[in-house]
Amino acid sequence: MKNYIKYLFLLLPVILLAACIEDYRLDATTPPDQAARFTFEASPENDNIINFTADQEFFLMKWDFGNGASATGKNVTGIYPSAGTYNVTLTIFDRGGSASTTLEVVIEQTDPTLLDRPIYNLLTGGVDALEGKTWVVDSARVGHFGVGPDPVQAGGYFPEWYQAQANEKVGSGMYTDRYTFYLNDFEFDWETNGFIYLNGAQGANFPGAFDPGVGDLSAPFVSPGGLTWNIVEEEGEFPVLSLTSPGFLGYYAGTNSFQIISIEENEMFVRLIDQANDGLAWYVRLIPAGFDSGEGNPDPDPDPDPDTGGDVAFTLQDLIGSGEKAWKLKPAAGAFGVGPNPGSDQFYPNGNDISGERPCLFNDLFIFREDGEFEYDAQGDIFGEFYMGLAEEQCQPASNLVGTSGEAWGPGVHTFSFTEGTATVNPKITVTGTGAFIALPKAFNGGEYTAGPPAANRSVTYDIIDYTNEEMTISIDITDNGGVFWTFVLIPEDI
């Protein structure tokens with residue numbers, strides 16, 4: 001039987017709305033309060049999960065669920081594990097100002113099952129953690145903080161453009177903050193220790209902001225207390241962790257909401273969109289306070305990595321065959337990916353087989369000849385991306401590259417050299433030429449292209465980290481410091 005839900009309209013003017021409000025209107029006049037009207041109903045699966053729907057659609061629509069949580073959009077969902085009365089407010093904005101409507105939502109019964117959720121328990125320590133669970137930025141780990149594109153490119157959800165070195169931001173305030181989450185009443189305790197770290201574009205919002213000498217800005221700041229947290233989970237999307245303002249995790253870029261890319265007992269990896277530049281996504285990696293993520297607690301990886309310590313039995317003859325040999329990506333999971341160490345695809349695609357989604361990648365041929373000639377044969381199509389100067393990111397004719405800034409990444413002939421391995425050093429393949437690459441055009445030693453054209457006559461070196469049953473696994477460090485590796489598994493064309 002559905003719980004009884006009552007509501008009370010507040011702040012509604014007597015005069016009726018004289019004209020229809022157009023979608024995404026940007027009128028110069030203040031919108032009437034009726035424009036912010038909304039309805040709600042309990043979800044079919046649970047009376048304590050409430051679906052809210054605004055009557056109209058505006059440029060910006062902000063919800064306050066009355067339980068410390070918030071959201072934006074026309075259709076949103078609030079979760080109320082505890083019985084009580086909650087004042088839910090929708091505020092809409094246009095050029096002329098804002099308008100609000102508040103409705104009262106009554107939840108008749110507490111539902112303990114809504115509190116016993118895996119993601120809640122991982123975040124807070126669960127119902128038995130009376131002192132909550134405190135998180136800190138994993139400062140000792142390469143890549144604990146960084147930035148990548150939004151929307152994501154082929155690299156997936158990780159900071160492919162920049163990864164901070166271990167303890168790189170000492171003195172910024174990032175490493176001294178403590179974030180404690182309680183399951184009881186969804187409390188969030190934020191200890192700033194006097195100052196915080198923020199994006200340079202946000203400095204005007206924080207009096208006394210200063211240059212800490214490690215990039216961006218720091219500012220004196222003390223948490224006001226009384227903060228709460230909320231997590232919204234939608235099918236097919238990352239969970240979104242929202243903190244009541246002004247709370248944030250690690251780095252302030254204008255938002256109090258964070259996508260949880262992954263969360264485990266001893267690690268949480270979050271993503272936030274830069275509100276001053278929506279083409280940027282920032283990443284922060286956190287661990288429980290007191291937990292050591294170093295050598296004593298290696299980062300978990302879903303699959304065992306190939307042996308990367310040298311002694312790989314691979315020769316020049318294996319590479320070129322009887323004088324010429326063509327290689328292609330193996331159409332299988334793990335054959336194309338990026339992760340925190342050689343052989344890992346943890347960042348992307350994390351164990352998924354993408355050969356069916358991107359067949360144009362898996363028919364490319366990389367041909368090595370005994371005279372040192374290396375040829376890239378695209379077989380007529382490529383997986384094009386924006387950095388190549390193309391209009392779409394998808395499989396498309398290789399001829400689309402002609403006349404673009406990425407034309408040199410198309411089919412072509414270059415040169416290569418081979419370095420024998422030893423008991424401690426892996427064999428290496430180096431391809432040289434403007435646009436020369438194996439498997440992925442944008443990756444080179446120590447970086448990735450964000451735009452064409454490629455560097456003239458650049459050499460790119462790949463480590464051969466495994467060779468088993470004619471499967472050659474190669475890897476390249478795009479940070480040049482052991483932070484992020486692309487790995488590719490190639491097989492002979494005729495297999």
Residues that are small (Gly, Ala, Ser), at pLDDT below 90 and under 18 Å from Gln153 (Cα atoms), drawn from region 383-428: Ala391
Condition met for Val76 (out of contact with any Leu (no Cβ under 7 Å at 6 or more places or on another chain), buried (at least 20 other Cβ atoms within 10 Å of the Cβ), modelled with pLDDT of 90 or more and not aromatic (Phe, Trp, Tyr)): no
Residues of region 368-397 that turn out to be in a strand (DSSP E or B), in contact with a helix residue (DSSP H, G or I) (Cβ under 9 Å, 6 or more places away or on another chain) and not basic (Lys, Arg), as a count: 9
Filter result (surrounded by fewer than 16 Cβ atoms within 10 Å (Cβ to Cβ), in a loop (DSSP other than H, G, I, E, B) and of a type outside the set (A, V, I, L, M)) within region 411-429: Glu420, Thr422, Thr424
Residue match in region 212-230 (condition: farther than 16 Å from Lys133 by Cα, buried (at least 18 other Cβ atoms within 10 Å of the Cβ) and modelled with pLDDT of 95 or more): no
Within region 158-170, tally of residues that are surrounded by 19 or more Cβ atoms within 10 Å (Cβ to Cβ), part of a loop (DSSP other than H, G, I, E, B) and of a type outside the set (Lys, Arg): 4
Thr415 free of Cβ contacts under 8 Å to residues at least 24 places away in the same chain, assigned by TED's automatic domain parsing to the domain that holds Gly483 and not hydrophobic (A, V, I, L, M, F, W, C): no
Every residue from region 120-142 that is assigned to a strand (DSSP E or B), in contact with a Leu (Cβ under 9 Å, 6 or more places away or on another chain) and farther than 17 Å from Ile261 by Cα: Lys133
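Having 3 or more residues that are at pLDDT 90 or above and in the same structural domain as Asp216 (by TED's automatic domain parsing) is the bar; report the strands (runs of 3 or more DSSP E) wholly within region 254-338 that clear it. Steps first, answer last, please.
Numbers: elements: 257-264, 267-273, 280-288, 324-329.
Counting at least 3 such residues, we get 257-264, 267-273, 280-288.
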Subset tally (residues that are assigned to a loop (DSSP other than H, G, I, E, B), farther than 24 Å from Thr124 by Cα and touching a residue at least 60 places away in the same chain (Cβ under 8 Å)) for region 171-211: 1
Leading residue by the ranking (modelled with the lowest pLDDT) among those in region 9-52 that are β-branched (Val, Ile, Thr) and surrounded by 13 or more Cβ atoms within 10 Å (Cβ to Cβ): Ile21
Members of region 114-130 that are closer than 18 Å to Leu243 by Cα and modelled with pLDDT of 90 or more: Ile119, Tyr120, Asn121, Leu122, Leu123, Thr124, Gly125
Total residues in region 435-449, condition at pLDDT below 90 and under 17 Å from Phe383 (Cβ atoms): 2
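The values are calculated or read from the model by the stated rules, or taken from the named source; none is laboratory data. The structure displayed is predicted, hence computed values, not measured ones. A quick note on method: Cβ atoms are made from the backbone with ideal geometry, for glycine too, and the neighbour counts reach across all protein chains shown.
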